[in-house]
Amino acid sequence: MKNYYEILEVHETASPEVIALVYKLLAKKYHPDLQENDEDKKSEEKFKEISEAYEVLSNEEKRKSYDEELLYHKNVQTQAVSDAQSSELQNLQGYCAQLENEIHSLRNAHGISPTMQNLNTHTEGVQRQAREDAMNQAYNDAYYNTLRSMGYKVRYKKTLKERFKNFVALVLTIVVLAVIGLVLWNIPSVRERIVDLFTL
């Protein structure tokens, strides 16, 4: 079905005055007598379409009847597109279900259980995280090496875990030194020597 509004290049709610004005401009533009020889045929066809469209849209009764017919045609087209999309969606869902069945059959045939599948997925995730961590570490190392080569002193902010390790190491060192001190103090010759050093 021809869309006369598109032919006249106006909106469907255009007033009769606008339709008349646009028709005059288009008729002048595509009138066969005003065209060059090689464009006569195309212009003549276009002029006929414009005239046909204007004849319908300029008449109130014809336009009303045409609008109803155009609306019905659009509804039919919309329904056809909707039906086609619905059919395509059903076909796609059926195809997906078929693929799932084939994957399930392949898993059973090769002895891959869902647990094994989950384990493989988890392993891939761990490996991916390890790669990302390594890349981040390499980037940080390169960044700090560049700063050092430029003469900057790089200070690392210690994490709570590192601080705790340092604290434990310090306490252990103090305990070991205290034990060694007690052992040496209990040896009479060493104790006498220490007493002599501090009494001089």
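The values are calculated or read from the model by the stated rules, or taken from the named source; none is laboratory data. If you're wondering where the values come from, they're calculated on a predicted model, not measured in any experiment. A quick note on method: Cβ atoms are made from the backbone with ideal geometry, for glycine too, and the neighbour counts reach across all protein chains shown.
Within the stretch 145-163, can one find any residue that is part of a helix (DSSP H, G or I), of a type in the set (A, V, I, L, M, F, W, C), surrounded by 11 or more Cβ atoms within 10 Å (Cβ to Cβ) and modelled with pLDDT of 85 or more?
no
Determine which member of the set TYR72, TYR66, TYR95 is in contact with a helix residue (DSSP H, G or I) (Cβ under 9 Å, 6 or more places away or on another chain), among the aromatic types (Phe, Trp, Tyr) and either within 19 Å of THR13 (Cβ to Cβ) or in a helix (DSSP H, G or I) (or both).
Values: TYR72 fails: in contact with a helix residue (DSSP H, G or I) (Cβ under 9 Å, 6 or more places away or on another chain); TYR95 fails: in contact with a helix residue (DSSP H, G or I) (Cβ under 9 Å, 6 or more places away or on another chain).
After applying the criteria, what remains is TYR66.
With respect to GLU55, determine if the residue is within 20 Å of GLU12 (Cα to Cα) and surrounded by 10 or more Cβ atoms within 10 Å (Cβ to Cβ).
Against the criterion (within 20 Å of GLU12 (Cα to Cα) and surrounded by 10 or more Cβ atoms within 10 Å (Cβ to Cβ)), GLU55 qualifies.
Taking interchain pairs and intrachain pairs at least six residues apart, which have beta carbon atoms under 7 angstrom, with the first residue in the stretch 57-77 and without any contact (Cβ under 8 Å) to a residue 24 or more places away in the chain and within 19 Å of ALA20 (Cβ to Cβ) and the second among the aliphatic types (A, V, I, L, M) and in a helix (DSSP H, G or I)?
Listed by first residue and then by second, the contacts come to LYS62/VAL56; ARG63/VAL56; ARG63/LEU57.
Of the conditions (1) within 43 Å of the chain's Cα centre (by Cα); (2) in a helix (DSSP H, G or I); (3) loosely packed, with under 13 Cβ neighbours inside 10 Å, MET1 satisfies every one except a single condition; which number is it?
So MET1 meets the others, but not (2).
Among (1) outside any helix (DSSP H, G or I); (2) without any contact (Cβ under 8 Å) to a residue 24 or more places away in the chain, which single condition is GLU12 missing?
Here GLU12 clears every test but (2).
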